[in-house]
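Student: One structure is given below, represented as structure tokens, and several questions about it will come after.
The values are calculated or read from the model by the stated rules, or taken from the named source; none is laboratory data. Predicted model only: the values in this text are computed from it and were never measured. We place every Cβ from the backbone using ideal geometry, glycine too, and count neighbours over all the protein chains shown.
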Amino acid sequence: MRRRALPRRCLCVSAWCLSRLAAVCRAQINSGGVYGLGGDVQRPAGIRDGRDNELRRTGVDPARICARGNANQTVIELSRVTPILRIFDITKAREFYIDYLGFTIDFEHRFFEGAPLFMRISRSEVSLYLSEHHGDGSPGTHVAIDTSDVAGLHAELAAKNYPYMRPEIQDQEWGTREFTVYDPFSNHLVFREFRNVNVE
């Protein structure tokens, strides 16, 4: 079965649309506009109503090809991240996170008696979920936690009676001073402080 060739007019319109899109986007980018965001459109004078209709027939809205960010546009801000770490022994998890690291328990949840435990712990502005549920994270997860005093935190942990961990502070080439602790389930927690260094 032979494929039906597109009319020459359709091919010309498609080629024109692509060229106009590229030209308009370049003009917007050079003038500080943002591609793909809603707002007031600054279209070149060469785009006429007839050409706009051609764009609409191809499924493209000329009013939203390239647009500047609107000053009245709502800015969606993201907040904190709460990792989910897999645990396999509640007693060891509490010994490490509560007794050693100094977190406090926000809540504990089980769907029924004897079901896997799901809990949230926190210290200062940091929250972590600890879960016995299959599929909630996997052993070996790395979590980086910023702190204002990495040396002070290191001294606090060194004074704890926790014989399984003796971390050392390291100055990294990328500008952080940090140390790493490992929970009983092979999850890595990196406590770090950013230093004022020039990274080349």
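Student: Name the one entry in Leu78, Leu85 that is among the aliphatic types (A, V, I, L, M) and surrounded by 14 or more Cβ atoms within 10 Å (Cβ to Cβ).
Tutor: Of Leu78, Leu85, the one residue that is among the aliphatic types (A, V, I, L, M) and surrounded by 14 or more Cβ atoms within 10 Å (Cβ to Cβ) is Leu85.
Student: With the requirement that a residue be closer than 15 Å to Thr82 by Cα and at pLDDT below 95, what does the range 126-137 give you?
Tutor: Result: Asp136, Gly137.
Each row is one residue, and each column tells you yes or no for (1) basic (Lys, Arg); (2) part of a loop (DSSP other than H, G, I, E, B); (3) touching a residue at least 12 places away in the same chain (Cβ under 8 Å).
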site	(1), (2), (3)
Met119	no, no, yes
Gly135	no, yes, no
Ser138	no, yes, yes
Met165	no, yes, yes
Thr180	no, no, yes
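Student: Another question, if that's okay. Are any residues in the range 98-128 closer than 24 Å to Ile145 by Cα, surrounded by fewer than 11 Cβ atoms within 10 Å (Cβ to Cβ) and among the charged types (D, E, K, R), and if so, which ones?
Tutor: Within the range 98-128, Glu125 is the sole residue that qualifies.
Student: OK, next. Taking the conditions exactly as written (out of contact with any Cys (no Cβ under 6 Å at 6 or more places or on another chain), farther than 19 Å from Glu178 by Cβ and in the same structural domain as Glu178 (by TED's automatic domain parsing)), does Glu113 satisfy them or not?
Tutor: Numbers: out of contact with any Cys (no Cβ under 6 Å at 6 or more places or on another chain): yes; farther than 19 Å from Glu178 by Cβ: yes; in the same structural domain as Glu178 (by TED's automatic domain parsing): yes.
Criteria met by Glu113.
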